[in-house]
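What follows is a single structure, written as structure tokens, with notes after it.
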Amino acid sequence: MKKIGFSLPVLAAAILLSCSKDPIDIAVPETDSTPVEADDSAGGNIVTDKDDDNVANSTFDRTVKVTFSGSKATVTGTTEDFTVSVDGAGVTITNNGDEVVIYELTGSSSDGYFKLYSTRKQEILLNGLSLTNKNGAAINNQSHKRTFVVIKGTNALADGVSYTSTPSDEDEKAAFFSEGQLVFSGDGTLTVNATGKAGITSDDYVRFMDAPTVKVTSSAGHGVRGKEAIIVSDGIIDVEVSGTGKKGFSSDTLVYFGGGVTTIRTTGSAGDVDGELTGVAGIKADLRFEIEDGVLDITSTGTGAKGISGDNVAYFKGGTVTVNVTGVNYGSSSSGGGWGGPGGRPGQGSGSSSDNSVASKGIKFDGNLYISGGRITVKSAKHEALEAKGVIEVTGGEVYAYSSDDAINAGGDFTIDGGAVYAQSTGNDGLDANGNLYIKDGIVFAVGSGGAELAIDANSEAQKKLYLTGGTVIAVGGLESGASLSQACWSAGTVKANTDYALLDKGGNTIGAFRTPSGGSQTLILSAPSLESALYGVSVEGGESCLEGQYWVRATVSGGKGCTLSTYSGGQGGGGGRPGW
């Protein structure tokens, strides 16, 4: 029995989630026209100050209580500085003074609303409220100032199918709408059921803090939309959307996760929205997506859907992300040989070569993608699992990608310099770069579909190469022809399906252990700095599994039979050989 000596501390760190990392001075690029580099000094800032967004740090002058009771409502606690209008169970309040007010909403009505005008920040306290507006938003906050939404007890909001009473000079975009910031906190539950427009919308930003449960269902609009940002610092957020072309989270700028548990499900299809073909997404972040902590789980089942989509840059720094896209592509691609052409080259099934097609992808960004921590699991049934049109850089964390197309595809250079990456395709390449592909460090486990589809593929047609200089590499299928292999690579013969292997150094110590996928007939390529021999059919005990149970660190292995290792130089392979154990 031999002890695994390979250390990968980032895997353990990725699993341990700390609480409530709050974004301060988060940089956002000023334009989405070009990919940005991994430099947080680029672009402007969205400042979400922890102290200002913490309701406990605000002092309030007065509480105004609004009680709904069937077809009626009552308002108490106002002074001459307030204008109050009550129409049945519809309440409109204007704060004409300078007081900072708590508006406590309680009771129940199936045909009412609360509307607020104010030039001051305020708190809306939801305290056992059940409110439905048949003709528009249940809560319509026309204040442009920060609004704390404190949730106590069990609360429910719902809008109507049509918004018939919105003034021509005002917005009313959701069952819970606000012109200014919405900062959610408290220990209660809020359920929002939207059938006319979005669930929760701010024309500024939406933030979730310590530690409410917010459940949003929307059949017509987005689940949660923050024009300037959506920030999840804490809480339990559950969103389900079913509308055509709608998103679970949508922001023109930033979507950020620093804690909490967020679950998003989309079931709608891509389609025509206001004269434009629009896809579905669990998250759409136009300028920047970032996760440092928390749990994010996205399932998209509709046609032409994406799990996470962005027009620019993404940073995965920590937390746990799970994305599962099961729907088929929408429409058809009119150039480059249809969906999912070989190697994901431009015009080969890119999903953007015609006006009547939207590809279903797991995670897709038009700019650069940087992964330095956390755990990412992404599966896509019909197109790429993980794609960036710019560069992809992996320096830490754990990535598991499974797809029928390229598992991971970079439009530019693709660099792995740490962490652990598993990429399996059942119909194309495992790892694919349209630029150069650099493997410098970390664990790389890639599985191609066979034939012309490789485990690891760089764009040799454009004079690009795979450069392998370090790390532990397991490749089921070939490497790009003409690869530069500074670190020795070995062919271990035909892969034995669903079998546990161990990599050994010169002293017989185990470098790592892995399990091959089901299906064989492909060449198994191995590389590691101190690789001397390999065993198959071993028993693995203890240790820590990563990459969805495909790789182990710090485990014990026993038994097994020796593999014969032959030198491998890429493409069709090379000669020479070395007996295995």
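Where a number appears in this text, it was derived from the coordinates with a stated rule and is not lab data. The model shown is predicted, which means the values in this text are computed figures rather than measured ones. Neighbour counts are summed over all protein chains in view; Cβ atoms, including those assigned to glycine, are modelled from backbone coordinates with ideal geometry.
Observations, loosely collected:
- A cut-off under 14 angstrom between Cβ atoms defines the neighbours of Asp87, and their net charge, with Lys, Arg +1 and Asp, Glu -1, is +2.
- Each of Val473, Leu454, Leu503 was placed along the dipole of the range 414-581 (beta-carbon charges, centred on the mean Cα), and the one lying farthest toward the positive end is Leu503.
- Cross-link check: pairs Lys361/Lys389; Lys247/Lys379; Lys317/Lys440; Lys246/Lys364; Lys65/Lys173 evaluated at a Cα-Cα cut-off of 22 Å; pairs beyond the cut-off: Lys65/Lys173.
- Debye, to nearest 20: dipole size of the chain, +1 on Lys, Arg Cβ, -1 on Asp, Glu Cβ: 1960 debye
- Protection proxy ranking, highest mean first, for peptides 107-114, 58-65: 107-114, 58-65, where packing is the per-residue count of other beta-carbon atoms within 10 Å, averaged.
- The range 349-437, dipole about Cα centre (Lys/Arg Cβ +1, Asp/Glu Cβ -1), debye to the nearest 20: 300 debye
- P(r), alpha carbons of the range 203-289 - 10 Å bins starting at zero, rounded %: 20, 51, 26, 4, 0
- Each Lys or Arg adds one and each Asp or Glu takes one away; over the other residues whose Cβ falls under 11 Å from the Cβ of Phe208, this sums to -2.
- Sorted on the mean count of surrounding Cβ atoms within 10 Å across their residues, most packed first, peptides 270-282, 523-535, 308-320, 86-98 read 308-320, 523-535, 270-282, 86-98.
- Ranked by how many other beta carbons lie within 10 Å on average, peptides 431-439, 508-516 from highest: 431-439, 508-516
- For the range 145-177 versus the range 533-559, the gap between their alpha-carbon centres in whole angstrom: 54 Å
- Residue exposure sequence - Lys197, Lys561, Lys364 - by fewest surrounding Cβ within 10 Å: Lys561, Lys197, Lys364
- A cut-off under 11 angstrom between Cβ atoms defines the neighbours of Tyr551, and their net charge, with Lys, Arg +1 and Asp, Glu -1, is -3.
- Of all DSSP beta bridges in the chain, antiparallel share, percent nearest 5: 20 percent
- Total charge dipole magnitude, the range 414-581, about the Cα centre, Cβ charges on Lys, Arg, Asp, Glu only, Debye to nearest 20: 420 debye
- Between the C-alpha center of the range 482-524 and that of the range 60-136 there is a gap of 67 Å.
- When the P(r) of the chain is calculated, the portion above 49 Å amounts to 19% of the C-alpha pairs.
- Selection among Ser425, Ala534, Thr516 by position relative to the dipole of the range 414-581 gives Ala534 as farthest towards the positive end (Cβ unit charges, Cα centre).
- Each of Gly160, Ala483, Gly128 was scored by the projection of its Cα onto the charge dipole of the chain, and the greatest displacement toward the positive side belongs to Ala483; charges sit on the C-beta of Lys, Arg, Asp and Glu.
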